1. Kindly express, to the nearest 10 degrees and within the range 0 to 90, the angle between helix B:283-293's C-alpha long axis and the longest C-alpha principal axis of chain B.
2. So what's the angle, to the nearest 10 degrees on a 0 to 90 scale, between helix B:221-242 and the longest Cα principal axis of chain B?
3. Tell me: how much accessible area in total is hidden between A and B, 1.4 Å probe, Å², nearest 100?
4. What do you reckon, how do B:Tyr104, B:Tyr310 stack up by accessible area (1.4 Å probe), largest on top?
5. Setting aside same-chain residues fewer than 8 positions from B:Lys609, which aspartates and glutamates have a Cα under 19 Å from its Cα?
6. What is the average number of partner chain Cβ atoms found within 10 Å of a Cβ in B:171-177?
7. Given 0.36 nm per residue, what is the gain on full extension from B:Asp399 to B:Asn626 after removing their alpha carbon distance, in nm?
8. Could you point to the residue in A:Ile91, A:Asn37, A:Ile111 farthest towards the positive end of chain A's charge dipole, with +1 and -1 charges on the Cβ of Lys/Arg and Asp/Glu respectively?
Amino acid sequence: LSQNFEDLLLDENSKDFTIEIESEKPIYLRCHKAILNCRSDYFKALFRSKMIESQQGKVVLHDTSKEMMEKFLKYIYTGKIEINEENAVEILISSRKFCLDQISEFAAKFIKQRI
Amino acid sequence: MSRKMILRVPKFQEPKRMEKSEAQRLWLLLKDAIVEVQHMNASTLSFEELYRSSYSLVIAKRGDILYTGLEEVNNHHTKNLLDKIAQAVDERFLIELNSQWQQYKLQQIMIHDILMYLDRMYVKEPQLKVFDLGMFKWKQNVLIHSQINDRLVRMLLGLIHMERNGEVIDGALMKSLIQMYVDVSLKEKETYKQEFEERFLLATSHFYKSESNLFITNNSCGAYLKKVEIRLIEEEARIKQYLDESTGPKLIKACEDELIANHMQTMIEMETGCRTMIQNDRFNELKLMYRLFQRVENGLVHLKNEFAGYVRNEGHKIVNQPENLKDPNALITSLIEIRNRFEKTLSQSFANNRDFINSVNTAFESFLNENDKLSESLALFIDKKLRGGFKDSNDQEIDVIMNKVILLFRFLSDKDVFKKFYEHYLAKRLLSGRSFSEDLERTMISKFKQECGNQFTSKMEGMFTDMRLSKDALDGFKNYLQTSVEMGKLPKIDMSVRVLTQGFWPTFPPHSCTLPPLLSQYCDLFTKYYCHAHTGRRIIWQTNIGTAEVTFRLPKKTHVLALSTYQMLIMLLFNDAEKLSLKQMAAGTSISFMDIQRSVKPLYSGKYKVLKRTPAVEKSKELSENDIFELNLNLKCKLHRIKFAATSQTDSEPERQHTRQRVDEDRKIEIDAAIVRIMKSRKALIHNDLIVECTKQLSSRFVPQTSMIKKRIENLIEREYLERFPDDRRRYRYLA
């Protein structure tokens, strides 16, 4: 099943939503509303609110790096994420914002073991 | 682990202090957005921007600004709404309230979504969650406000009242408004219960109290029951349609109390009530009553007692009806009929409820044992059936009747009395060859066996064995006669003998008589033959239950008379005499005077009279010793063979007495055995305990009288099976 969703992550045609990472040269990450909606309460609320993002089919993020968002997207689609000493703290903080509770817990545990 | 920690902390997440002015800016941004949401203008806002603002405030530990701000905004907003709603008049009120509420709920979801980070990371008990805070403000400032709450509840209850009176109301609106009370409750639906449910239930009880009182006085019980059922269905539907499900059991209970519990006694006693329904077999109405009574506490107890009382009463009438006391067949037939009738009521109306069945059975037990007639009547009933009453029934019908007999038998407390009578009539059937079918006899016996075990039927089975062995013995005897020397000297008569094992058969009262010489010789021959074949056996002749065929020569015609042995002896006397008094008959045959009386009666008073009384005495039924009889030579009868009853058909009182006495004798033995059995295992026992135990052990066969048990204990003490304790006279000790 997770393989199927991983394939879906590469299927550009069916994607219906854009995540824009704000920087000098904006980066666009394409994805599926339906998947995001059921995996993250942040996105669920965003779609439900029917505010400007759901009308434009695009959200602009100011405080999340491209790498981090790609990691999260991979996690959202496949349930897999790689945590190491390099990124653990950043993952913990950012995952909270997107209500990815499992990752937050996992990262917190990871950090605790190393303090 | 000695590895060095090298967690990397990202630069941009380094704790940054947020200026107060920055916090204020973010809050104002959010506040404006919330106000926009409250005015349903959310589509131009950016979710991410608002979410990020609240996120930043919380991260910077400025959640308090946000939370208190939100509280104020909500407060302000709901107060505005109150004025708007309260102004609405009449029906507009409910519609306005509802539409504002629906919008408000949506807004609160949206506000919750924007402030999700605050909700998740900042709000801690006892603070309310963002959404709950919204609900609380609505409750506080709108719903339970004096301008709203009372008016709303009154209108809701008014609508429900209208609906109960048959009008159509807007169910969706009701559901939404009633659900509002649930939604604003913080825990355990307390607002709903306090503000709405309590008053609703009170109104319900009130409504049904007056409706039921009015309806039941103006309608039949059946109509009332139907009305109740419909009302209950309606209320069930009401729960589904617009009440909270938690109200269900309470609402139904309130309805049941008013509609059923409060009127149970009336429904049972009223003219068209339970009693009449039972009397007239109104199965459907009773079924409905059962279903409804079942719903309330002790409801079925009332119904059951009423029914059982009726059963007992009906049964009591039947067993005491004078016609039935005279006619055992009618008695048992009526009993089977009412049993069938009540079984039908039980299955069709009372779902074969165990308690109901048991109480009907108890009722049967009580009236069936009201008098001691029943054991004999039941035995006689079967006797009649087995003598040919089953002729026109098929196997299935026979089985049904037999099972009913067993059923009635089960209720008898003195089964031993029944057994004695049954054996008595069985013996008579077998000996007189009047049994209709051996198969049916055996089927009946096997049913008793199933019910009571081997011991109960062993004697009956013994009788059948005797009948078979007698046939063999008789065949052997006939062969023996042909080869016997003495045979040549004797005129041939056809003699048939039945050898009955003592113990299997009821003991017939001993009677003696003088047989004519020829018959005596034959009897001696048989005795000789039989005792030779079976050494160690003794034969006692019971001539009083035998039969004989006698040729009766009239001047113009010859008849064959089928008679009892006694009647034969009497008739033979007329070979040597023209006229005989009863006294002479008794002297000539050595038969007791009473038996003479009983034997002669059918001969001169039946349809065909072979004897006549001289001089003819009209109407005098009692015979005296000196009454004189002579042969009726003018007998007119088309039949060649004339059959006479041996004595009157049913048993005479002395015979019945005899059977009873034997039952008592047997009981003594049973009680002795029971006492000894109990004492042997218990060694020592107090008087009362022994009585109780003994009664219990014997209850499957009969109910022993305490006085009889006492006598048997005394007797056993005399016979040194038991002794009293010297220091405690109430205790007995078993003596090995």
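The values are calculated or read from the model by the stated rules, or taken from the named source; none is laboratory data. Just so we're clear, the structure is a prediction, and the values are computed from it rather than from any experiment. Reconstructed Cβ throughout: ideal geometry from the backbone, glycine too, with neighbour counts over all protein chains shown. Remember, those area values only see protein heavy atoms, side chains included, never the ligands or the DNA or RNA. Shrake-Rupley method; radii C 1.70, N 1.55, O 1.52, S 1.80 Å.
1. 50 degrees
2. 30 degrees
3. Working: alone 7400 and 40480 Å², together 45260 Å².
For A against B, buried area totals roughly 2600 Å².
4. Values: B:Tyr104 0, B:Tyr310 30 Å².
Result, largest first: B:Tyr310, B:Tyr104.
5. B:Glu549, B:Glu578, B:Asp595, B:Glu618, B:Glu622, B:Asp627, B:Glu630
6. Shielding by partners across B:171-177 averages 0.
7. Working: separation 227, 0.36 × 227 = 81.72 nm, distance 5.25 nm.
Residue separation times 0.36 nm, minus the Cα-Cα distance, leaves 76.5 nm.
8. A:Asn37
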